[in-house]
Amino acid sequence: MLLCNPFGEEAARAHRIYRVLATALERAGYASLRFDLSGTGDSAGDSELCTIEQWLVDLTRAAAELRAVSGAPRVAVLGLRLGGTLAALAAARGELRPRHLLLWDPVVSGAAYLRELSEQHRHYLREEMGEAGWDESSWRLTPEGFPREALGTPISASLAAQLAAIDLTAVTPTAELTTVVNTGRSAELDKLAQHLGSRPTTRWISMAGSAAWNSDAALNAATVPMDIVQALVSRIEETIP
């Protein structure tokens, strides 16, 4: 199982989730590999020079490494948030061709995702600085209205433009099986459901009410939604015995 990181603060919050998931997969008899995208985490590269294209190359190379060390001819790929989006994009280009593609709350619209990141960062600054110290004019946006930073993670104008162009409803991943785990409803996810839902090889799993690992209250709390971890492992056991 290849585990694809989300972006920025979400990657930090997901670190323990992936560790717990990898341990559960190991106990079930499945090898797994988590990696850091170029310019993030412990990987080499300048965070100001990150590109979607390079991240797709990273993902494809990581899958090849997992196949090489495990001896498996094909691998399953799981991605959380933007990690799921990147996995779907790589699969749509035919460079990944996973046996099973699992998308956990994937980013469907890059433009909506940027707005979400921008609002999260703005809310954080207002909370930290207080109303008296907050200056709306200090809010850093590109001329296109994209955020330059999201909770400590820089976003170059180039990367923002690439993110804004993402639309999962415009691509069709190539995978034997696709599973989408969603923890909440959104217009974007509804569109993705319409796009993928009619395919007999696609399964949707609703986990509404699961532990909110990505909420402000969960910041620095290393929240692990065990019900989703267990559902993912069960789905893998069901499809790849």
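The values are calculated or read from the model by the stated rules, or taken from the named source; none is laboratory data. Since we're looking at a predicted model, the values are computed, not measured. Glycine also receives a Cβ, built like all others from the backbone with ideal geometry; neighbour counts cover every protein chain displayed.
So is Ala150 among the hydrophobic types (A, V, I, L, M, F, W, C) and in contact (Cβ under 8 Å) with a residue 60 or more places away in the chain or not?
It is true that Ala150 is among the hydrophobic types (A, V, I, L, M, F, W, C) and in contact (Cβ under 8 Å) with a residue 60 or more places away in the chain.
Give just the number: which of (1) in contact with a Leu (Cβ under 8 Å, 6 or more places away or on another chain); (2) modelled with pLDDT under 80 does His195 not satisfy?
Of the numbered conditions (1) in contact with a Leu (Cβ under 8 Å, 6 or more places away or on another chain); (2) modelled with pLDDT under 80, the odd one out for His195 is (2).
Being hydrophobic (A, V, I, L, M, F, W, C) and more than 21 Å from Ala90 (Cβ to Cβ) is the filter here; which residues of the range 173-192 pass it?
Ala187
Inside the range 56-175, counting only helices (runs of 4 or more DSSP H) that do not spill past its ends, which hold 3 or more residues that are at pLDDT 95 or above and under 30 Å from Arg19 (Cβ atoms)?
82-92
Could you grab me the full set of residues in the range 1-11 that are out of contact with any Pro (no Cβ under 9 Å at 6 or more places or on another chain) and among the aliphatic types (A, V, I, L, M)?
Across the range 1-11, the qualifying residues are Met1, Leu3, Ala11.
Please go through the range 189-210 and pick out each residue that is free of Cβ contacts under 8 Å to residues at least 60 places away in the same chain, in contact with a helix residue (DSSP H, G or I) (Cβ under 6 Å, 6 or more places away or on another chain) and in a helix (DSSP H, G or I).
His195, the sole residue that qualifies.
Test Thr183 against the criterion of being touching a residue at least 24 places away in the same chain (Cβ under 8 Å), under 24 Å from Ala12 (Cα atoms) and among the hydroxyl-bearing types (Ser, Thr, Tyr), and give yes or no.
Taking the combined requirement at face value, the residue satisfies it.
Being surrounded by 22 or more Cβ atoms within 10 Å (Cβ to Cβ) and without any contact (Cβ under 8 Å) to a residue 40 or more places away in the chain is the requirement here; does Ala76 meet it?
Criteria not met by Ala76.
Within the range 22-36, can one find any residue that is within 18 Å of Pro173 (Cβ to Cβ), touching a residue at least 40 places away in the same chain (Cβ under 8 Å) and either among the hydroxyl-bearing types (Ser, Thr, Tyr) or in the same structural domain as Ala208 (by TED's automatic domain parsing) (or both)?
No, the range 22-36 contains no residue that is within 18 Å of Pro173 (Cβ to Cβ), touching a residue at least 40 places away in the same chain (Cβ under 8 Å) and either among the hydroxyl-bearing types (Ser, Thr, Tyr) or in the same structural domain as Ala208 (by TED's automatic domain parsing) (or both).
Mind checking whether some residue in the range 45-66 is among the basic types (Lys, Arg), crowded, with 22+ Cβ neighbours inside 10 Å and closer than 28 Å to Ala161 by Cα?
No: the range 45-66 contains no residue that is among the basic types (Lys, Arg), crowded, with 22+ Cβ neighbours inside 10 Å and closer than 28 Å to Ala161 by Cα.
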